[in-house]
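The values are calculated or read from the model by the stated rules, or taken from the named source; none is laboratory data. From a predicted model like this one, the values you see are computed outputs, not experimental measurements. FYI the Cβ positions are ideal-geometry reconstructions off the backbone, even for glycines, and counts take in every protein chain you see. In case anyone asks, the SASA skips ligands and DNA or RNA and just uses the protein heavy atoms, side chains included. Shrake-Rupley method; radii C 1.70, N 1.55, O 1.52, S 1.80 Å.
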Amino acid sequence: MTADRDDDNPRSSPPARVPTDRESPVGAPVIRGDESVTGSHARQAVQFDPTDPESLALAAETVAEFATGAADEDHLYMLRGAAACAALVRGEGSYKAAAERATATLEDGSSVSVSFIRKWARVHDLPRAVRRQVAMGAIAPSAAKHIARVGGEARLLLAWATLDGNLTVRDVRTVASEINDGVPIEHALADHGVTLGHLELTLPAAAYRDLRRHASLEGLNPGAVVAAALEEYLE
């Protein structure tokens, strides 16, 4: 087991405010159980209930299997492991206790580290919109692990920049570290050739025509018109 500090108590530390963290219950297969995202796999989605002893035992076994299994990029398998980590932490009361519970299920002398459980429990705490992209394979689970290290609004911004800027897992890891070191996210992304907020859109011809016409008559950049319209639409 690693020597990571276990100073994060999931029962005493309140989660960050929405929309930067999930609202659904810990361990609930909100994304994994959505057929529109995972298809037939949704029927096999497992919910881990941290208040149920049998479910918690299953979570401990799942975490141990996840920690010692093949490190592939099966996004649904990893989301399931992340859900088990989150439920086990909540049920046991701390990352350290969760690691000890998972380790106890192993018979080969190996162990599950505190840092492993902390990282993947945080992935399960990502907003639903981000976890949906992970489930669809648009964001690699290993990239989601680094996105989850970032707090607040920067967490969401980094997730969307990962998609729009085609950032690699290594890029995401570096940007996340820089943000946590106090570098503004727009500067950290700029170092990787990504302009925060830059998004390419394809519009129907009529909408494109009207957007360009309105922007020209008002002396505005088309992006400013789109931004104003979106702010009103998304209120």
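Does PRO204 meet the test of being in contact with a helix residue (DSSP H, G or I) (Cβ under 8 Å, 6 or more places away or on another chain), farther than 28 Å from ALA86 by Cβ and of a type outside the set (A, V, I, L, M)? Outline the logic, then answer.
Details: in contact with a helix residue (DSSP H, G or I) (Cβ under 8 Å, 6 or more places away or on another chain): no; farther than 28 Å from ALA86 by Cβ: yes; of a type outside the set (A, V, I, L, M): yes.
No.
Among the conditions (1) modelled with pLDDT under 95; (2) under 22 Å from GLU200 (Cβ atoms); (3) open to solvent by less than 10 Å² (accessible area, probe 1.4 Å), ALA159 misses just one, which is (1). Of the helices (runs of 4 or more DSSP H) that lie entirely inside segment 50-117, those containing 1 or more residues that are open to solvent by 10 Å² or more (accessible area, probe 1.4 Å) and polar (S, T, N, Q) span 53-68, 95-104.
Does segment 207-229 contain any residue that is under 29 Å from ARG118 (Cα atoms), out of contact with any Lys or Arg (no Cβ under 6 Å at 6 or more places or on another chain) and aromatic (Phe, Trp, Tyr)?
Of segment 207-229, the ones under 29 Å from ARG118 (Cα atoms) are none.
Within segment 207-229 (the criterion being under 29 Å from ARG118 (Cα atoms), out of contact with any Lys or Arg (no Cβ under 6 Å at 6 or more places or on another chain) and aromatic (Phe, Trp, Tyr)), the answer is no, since none of the residues qualifies.
One residue alone among THR162, THR202, THR174 is β-branched (Val, Ile, Thr), over 30 Å from ARG122 (Cβ atoms) and out of contact with any Phe, Trp or Tyr (no Cβ under 6 Å at 6 or more places or on another chain), and that residue is THR202.
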